[in-house]
Amino acid sequence: MRKPLIAANWKMNTTPAEAVALVRQMLPELETATGVETLLCPPFISTLVVADLLNHSSVMLGAQNVYYEDKGAFTGEISPLMLAGVCQYVILGHSERRSLFGESNQIVNKKVKAALKVGLKPILCVGESLADNDAGKTQEVVSTQLRQSLDGIKEVVGLVVAYEPVWAIGTGRAASAAQANKTIEMIRDVLSALMGCEVAGATRILYGGSVNAANIAEFISQPEIDGALVGGASLKAAEFISIVRESAAAKRCH
Ligand code: PGA
C-alpha cells in the first residue's frame, strides 16, 4: 500500500514571520490527519524556523530545490549536505525551475543523485507543456524527462514523482482526473521498465496543477494517483487543511 502524500509547495511566498504564522495555523489539524502523510516545503530562508515548529510532529519538511555539489565556491546555492537532517524531502525539476532557471534533465539527474546520496527523498517533477499536450506528445515528453532525470540511478529509496502538466500549474485549469490517472499509469510503466515492478509499485506518484479543496477528492480517488503537490491552495491554511482531510476521507472509502 502506498500511503498518500499531500505536499505543499509554497514557492517564493511567505516571509519567515508569515511562514511561522501559516504553520501555526495549519499544524494542529495536519497532525491529526490519519492515513495521509503531509509535507510542507517553505522557502529556504524559513527552513530552520519551520523545522523547529515541526519537530516531533508527524508533518514532514521539504525544500523546493537543491544544488548537486556538497560544498564549495557556488555562491548563493544550498547543498544536499546542508539540508540532510533538516528536511526529509526535496522538490526537484519543478517546471518553474526548468523554464525560468534553465534546468535540463541532465541537471535534474545530478540533483536527484546528490539528494539520494545524503538520504533526502526527491520529489521529481515531470510534465508536458500545452504545445506538447496539443500535439499529442505528452507520453513522449514525460517519459524522456523520466528516463533522463533518472539515468544511471538504481537505488531510489523514497523517490516520489510528481506529474504536473505545465498548462495546469497556477492556471486554475487542472487536468481531468482520468487524464492525470492515465499519464500516471504510463509513468509507473516507465519506472517499471527502468527499475523493476517492485520499485514502480512502491513509488508514490502525485498529481500537481491547480489542485484545490473542491477537486482533490476526484484526483485522490483514482487508482494510480497517490497524492498531490499543491501550490497556490497550500498558502491558505483552511484550504490546505480541507485538501488533507478530503484526501484522507477519499482514500479510506476507496
Ligand atoms: P498550483 O501549483 O497548485 O498553484 O497549480 C502546483 C505546483 O506548481 O506544484
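No lab work stands behind these numbers, since they all come straight from the coordinates. Predicted model only: the values in this text are computed from it and were never measured. Glycine gets a Cβ as well: all are built from the backbone with ideal geometry, and neighbour counts include every protein chain shown.
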Q) Considering the stretch 101-133 alone, what residues qualify as being within 16 Å of the ligand (Cβ to nearest atom) and more than 17 Å from the chain's Cα centre (by Cα)? A) PHE101, SER129, LEU130, ASN133
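Which residues, taken from the stretch 183-200, are under 20 Å from GLN139 (Cβ atoms) and touching a residue at least 12 places away in the same chain (Cβ under 8 Å)? Give the steps one after another, and end with the answer.
First, the residues of the stretch 183-200 that are under 20 Å from GLN139 (Cβ atoms): 183-195, 197, 200.
Scanning the stretch 183-200 gives THR183, ILE184, GLU185, MET186, ILE187, ARG188, VAL190, LEU191, LEU194, MET195, ALA200.
So if I check each of LEU40, LEU116, LEU54, LEU48, which one is closer than 19 Å to THR203 by Cα and of a type outside the set (Phe, Trp, Tyr)? Quick ask: steps written out before the conclusion?
On the way: LEU40 fails: closer than 19 Å to THR203 by Cα; LEU54 fails: closer than 19 Å to THR203 by Cα; LEU48 fails: closer than 19 Å to THR203 by Cα.
Unique residue meeting the criteria: LEU116.
Per-residue answers, yes or no, for (1) small (Gly, Ala, Ser); (2) under 20 Å from GLN148 (Cα atoms); (3) away from the ligand (no atom under 16 Å from the Cβ):
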{"position": "LYS182", "(1), (2), (3)": "no, no, yes"}
{"position": "ARG188", "(1), (2), (3)": "no, yes, yes"}
{"position": "CYS197", "(1), (2), (3)": "no, yes, yes"}
{"position": "LEU206", "(1), (2), (3)": "no, yes, no"}
{"position": "GLY209", "(1), (2), (3)": "yes, no, no"}
{"position": "GLU218", "(1), (2), (3)": "no, no, no"}
{"position": "GLN222", "(1), (2), (3)": "no, no, yes"}
{"position": "GLY227", "(1), (2), (3)": "yes, no, no"}
{"position": "GLY231", "(1), (2), (3)": "yes, no, no"}
(Q) Restricting to the stretch 50-74, name every residue that is closer than 15 Å to ASN13 by Cβ and either over 18 Å from the mean Cα position of the chain (by Cα) or among the β-branched types (Val, Ile, Thr) (or both). (A) VAL50
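Filter the stretch 1-13 down to the residues that are without any contact (Cβ under 8 Å) to a residue 40 or more places away in the chain and more than 16 Å from the ligand (Cβ to nearest atom) and list them by number. Walk me through how you get there before you give the answer.
The first filter runs over the stretch 1-13 and keeps only residues without any contact (Cβ under 8 Å) to a residue 40 or more places away in the chain, leaving 1, 12.
Answer for the stretch 1-13, where residues must be without any contact (Cβ under 8 Å) to a residue 40 or more places away in the chain and more than 16 Å from the ligand (Cβ to nearest atom): just MET1.
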Q. Can you tell me how many residues in the stretch 14-33 are free of Cβ contacts under 8 Å to residues at least 40 places away in the same chain, among the hydroxyl-bearing types (Ser, Thr, Tyr) and over 16 Å from ILE241 (Cα atoms)?
A. 1
